[in-house]
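The values are calculated or read from the model by the stated rules, or taken from the named source; none is laboratory data. Keep in mind that what you see is a predicted model, and the values were worked out from it rather than measured. Cβ placement follows ideal geometry from the backbone for every residue including glycine, while neighbour counts extend to all protein chains displayed.
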Amino acid sequence: MKKWWLPIIIILLIGFTVWNQVYKQDSIESTEEESEVNKEAIPFELMSLNNEVIQMKDYRGKKVFLNFWATWCTVCKKEMPTMQQFQEKYKSEVEIVAINFTSTEVKEEDVYEFIENTGVTFDVLLDRENQVHSAYGILTYPTTYFIDEKGMIVGKQVGELTEETMEESLNKMRKKDGI
């Protein structure tokens, strides 16, 4: 009977250690995310699916939801229709810009095919050399930055964008503008 206690105690200690490390990591990520708020959005220049050069400064004067995604990311693909509906509903107020992690795609054509099949009409940009993803320090997909009309980061969402999250972020930006 005493032989069973030792493995149980070891398993509990390992479980506590893992839980403690995960909890500490979450705290660190929150602090890092907060430190990005109120900083200017990092400038970039990327190609769109329409073969146009698009720069971050092209969105100056607009509220922007800057979404980092990839076709291999199940959650990214799940949120795209919700983002499309939101864009259609609030197109006069906000621009959704999706930056694809193209350097990790099996084929670049997968991006075009996915966008065509989902009917996405907002800007999709190709980060072929991982420059913008690296500049923003993207580690988790999807990740979205909320950027105000002056080009300042006002928030960040790591994980799936829901309609509620987008509504809250837009409302927070409106309040900041005094609307």
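The single residue among VAL106, VAL124 that is under 22 Å from GLY159 (Cβ atoms) and assigned by TED's automatic domain parsing to the domain that holds GLU45 turns out to be VAL124. Here MET83 meets the list (1) farther than 18 Å from ASN50 by Cβ; (2) crowded, with 16+ Cβ neighbours inside 10 Å; (3) touching a Ser or Thr at 6+ places or on another chain (Cβ under 6 Å) almost entirely, failing just condition (3).
Residues of the stretch 109-121 that are acidic (Asp, Glu) and either surrounded by 15 or more Cβ atoms within 10 Å (Cβ to Cβ) or not assigned by TED's automatic domain parsing to the domain that holds ARG60 (or both): ASP110 alone.
For the stretch 79-97, a residue qualifies if it is in contact with a helix residue (DSSP H, G or I) (Cβ under 9 Å, 6 or more places away or on another chain) and of a type in the set (S, T, N, Q), and the qualifying residues are THR82, GLN84, GLN85.
Within the stretch 137-179, being assigned to a loop (DSSP other than H, G, I, E, B), hydrophobic (A, V, I, L, M, F, W, C) and more than 18 Å from CYS73 (Cβ to Cβ) holds for one residue alone: ILE179.
Considering the stretch 99-114 alone, what residues qualify as being assigned to a helix (DSSP H, G or I), over 17 Å from the mean Cα position of the chain (by Cα) and in contact (Cβ under 8 Å) with a residue 24 or more places away in the chain?
At the first step, the residues of the stretch 99-114 found to be assigned to a helix (DSSP H, G or I) are 102-104, 109-114.
From the residues that got through so far, the ones that are over 17 Å from the mean Cα position of the chain (by Cα) too are 109-110, 112-114.
Correct list: ASP110, TYR112, PHE114.
When the stretch 132-157 is filtered for residues that are closer than 16 Å to LYS57 by Cβ and either exposed (fewer than 14 other Cβ atoms within 10 Å of the Cβ) or without any contact (Cβ under 8 Å) to a residue 40 or more places away in the chain (or both), the ones remaining, listed by number, are ALA135, LYS150.
If only one of MET80, MET56, MET47 is hydrophobic (A, V, I, L, M, F, W, C) and under 16 Å from ASN117 (Cβ atoms), which one is it?
Values: MET56 fails: under 16 Å from ASN117 (Cβ atoms); MET47 fails: under 16 Å from ASN117 (Cβ atoms).
Going through MET80, MET56, MET47 in turn, just one is hydrophobic (A, V, I, L, M, F, W, C) and under 16 Å from ASN117 (Cβ atoms): MET80.
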